[in-house]
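Every number in this text was worked out from the coordinates using simple rules, so none of it is lab data. Only a predicted model underlies this, so the values are computations on that prediction, with no experimental measurement involved. We place every Cβ from the backbone using ideal geometry, glycine too, and count neighbours over all the protein chains shown.
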Amino acid sequence: MTESSATFLLFGATGDLARRMIFPSLYNLLSDGLLPDDFLIVASGRSEMDDDAFRDDVDAALHQFLSPDRYDPQVAATFRTIICYQPVEAGNAAQFAALADRIDGRLERGLSVYLSTPPSLFAPTAQGLADAGLITPKTRIAMEKPIGKDLASSKQVNDGIGALFAEDQIFRVDHYLGKETVQNLLALRFGNLMFEPLWNATGIDHVQITVGETVGLEGRVSYYDGVGALRDMVQNHMLQILSIIAMEPPARMDPTSVRDEKVKALRSLRPMTAETVKTHSVRGQYTPGAVGGQIVTGYADELGQPSTTETFVAIKAHIDNWRWQGVPFYLRTGKRMPARQSEIMIQFKPVRHSIFGRDGHGSGLESNTLVIRLQPEEYIRLTIMSKRPGLERQVHLEEVALDVSLTAAFAGQRRRIAYERLILDLLAGDATLFVRRDEVEAQWAFIDSIIDGWKEANMKPAPYSSGNWGPSSAIALIERDGASWHD
Ligand SMILES: NC(=O)C1=CN([C@@H]2O[C@H](COP(=O)(O)OP(=O)(O)OC[C@H]3O[C@@H](n4cnc5c(N)ncnc54)[C@H](OP(=O)(O)O)[C@@H]3O)[C@@H](O)[C@H]2O)C=CC1
Ligand SMILES: O=C1O[C@H](COP(=O)(O)O)[C@@H](O)[C@H](O)[C@H]1O
């Protein structure tokens, strides 16, 4: 492991993500004594303001977004002292030079740059850094998603950054990889003997991945419209989860070994066509309805005009390799769903020969399921069959849950913001939980095949009332195969 960067340079520091996630995460790291000595946060946005005005803004963001028990006036006062602000408009050489002055003398102790701006600014910002002499072998650069809007544009962004930084200096952020429960998938699969022998087409009937959100556009109209749920959520977070479920066991827990296996799984995704999108995908858009007892408007009303952007997507994916032959992976995600609920469900196959339910000798046999709830609660639940207690001659089976509540099992431990883990790893130079270029490109190749299929088949989003799990065709997508969504 290399030494931790002593300077963190944040572009987009006045933006929504910085206020909601990045500054609260940095504050928490400071509060827990996890930041390096003599650490400096150089914040940059387009807006003109001085250090103190910006520090006041950060303080307001901490009040708004930190859980109240975390805000400590003493830590907050120290936090102010390690932040300075430099306005920089992408392409403004004089402002980049002023930025370099702020960092003068510190480059030798490592610089971690974080791009939390619109992606169109990633390459120009990197060029500004190069021209200002801020790129050395000890400079790392982290980029927020989305990287491009298709394979071709993602290659352009990656080429632009890749011309100035080596791949091992580039950290592509997918904040789902910073979530404790997503990392726990690795522990579950590779830290326990019992699952691996069944973790394949012999043992597993199908896999479901659901990421449901109750929120709508939340003021991100200009970003979201034209992007939609497939690019916003499936291309990155959901395919990353899928890759961890589907990958072969890596030889070691290091960035190369883990990402080599993930990318093999992603490259094995079967591309869709104009024919298969009709049966293997569903697009939806929310209309007015009720979510959690609250009446909400439809997408088009929020937008102020009709749109063909999907706010819900369900797909049935196949991974064409030895391990997963014939095992569908059902993915669905949407806004204005009935609940904020993200989970993975592994449906195991039935026992090979049932001695129950025959000749009047019992009933109730179901196949095992493994549910890994990512949020809002964090638990792992394995359903197994058990005999219902009693003296009946027939054996009546019932499902019982082997439940591990991670929240309860690790009750003393604070649930951290995903960005805390990622920022710490960026500073330390550990890329295991960041996405490599070939992964992003494999993800886009699959997503492009769906988007091309939609265009060719002229597939528009079907309406669904807010507060439902998407259009009825999403239910049909899985029920045609004799399965049903785990709601
Ligand atoms: N918000 C979220 O929940 C998530 C966001 N992301 C990604 O993170 C990134 C940032 O998102 P978000 O914070 O929501 O975006 P915002 O629109 O809220 O913020 C954009 C930031 O970029 C700065 N900026 C805009 N134009 C320029 C320019 N020409 N030169 C220099 N700086 C500029 C803005 O500065 P100023 O305000 O001073 O104009 C602001 O600090 C995006 O890539 C987004 O896709 C990813 C996951 C979730
Ligand atoms: O990247 C994104 O993720 C959020 C959902 O993240 P979560 O951690 O709250 O599950 C989503 O709302 C947003 O549209 C998307 O850009």
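Any idea what the dipole of the chain comes to, in debye rounded to 20, about its Cα centre with Lys/Arg Cβ at +1 and Asp/Glu Cβ at -1?
Values: 50 positive and 62 negative charges, 285 e Å.
That gives the chain a dipole magnitude of about 1380 debye.
List the GluC sites (Glu not before Pro) within the stretch 149-219 that fall in a DSSP loop (any state other than H, G, I, E or B) and whose Cβ has at most 14 other Cβ atoms within 10 Å.
Passing sites in the stretch 149-219 are GLU218.
Could you please report the charge total around VAL42, scoring K, R as +1 and D, E as -1 over all other residues with beta-carbon less than 12 angstrom from its beta-carbon?
Numbers: positive: ARG102, ARG106; negative: ASP51, ASP101, ASP104.
So the surrounding residues net to -1.
For a quick check of your reading of the filter: which GluC sites (Glu not before Pro) in the stretch 255-362 sit in a DSSP loop and have no more than 15 other Cβ atoms within 10 Å? The partial results should precede the final answer.
Working: sites: GLU261, GLU275, GLU302, GLU310, GLU343; in loops: GLU275, GLU310.
Answer in residue order: GLU275.
What net charge do the residues around LEU151 carry, taking every other residue with its C-beta under 9 Å from that of LEU151, with Lys and Arg at +1 and Asp and Glu at -1?
On the way: positive: LYS155; negative: ASP150, GLU441, ASP448.
Result for the neighbourhood of LEU151: -2.
At a threshold of 8 angstrom on Cα-Cα distance, excluding pairs fewer than six apart, so keeping six or more, what relative contact order does the stretch 226-285 reach in percent? Walk me through the numbers on the way to the answer.
Numbers: 23 pairs, mean separation 14.7, N = 60.
The value is 25 percent.
For the chain, what does the relative contact order come out to in percent, with C-alpha contacts under 8 Å and a separation of six or more?
19
How big is D for the stretch 7-144, in µm² s⁻¹ as a whole number, if Stokes-Einstein is applied with the Kirkwood radius of its Cα pairs at 25 °C and 0.890 mPa s? Can you show the working numbers first?
On the way: Rh = 15.1 Å.
It comes out at roughly 162 µm²/s.
What net charge do the residues around ARG421 carry, taking every other residue with its C-beta under 14 Å from that of ARG421, with Lys and Arg at +1 and Asp and Glu at -1?
Value of the local net charge: -2.
Across the stretch 153-222, what fraction of all alpha-carbon pairs, as a whole percent, falls in each successive 10 Å bin from zero upward?
13, 24, 29, 27, 7
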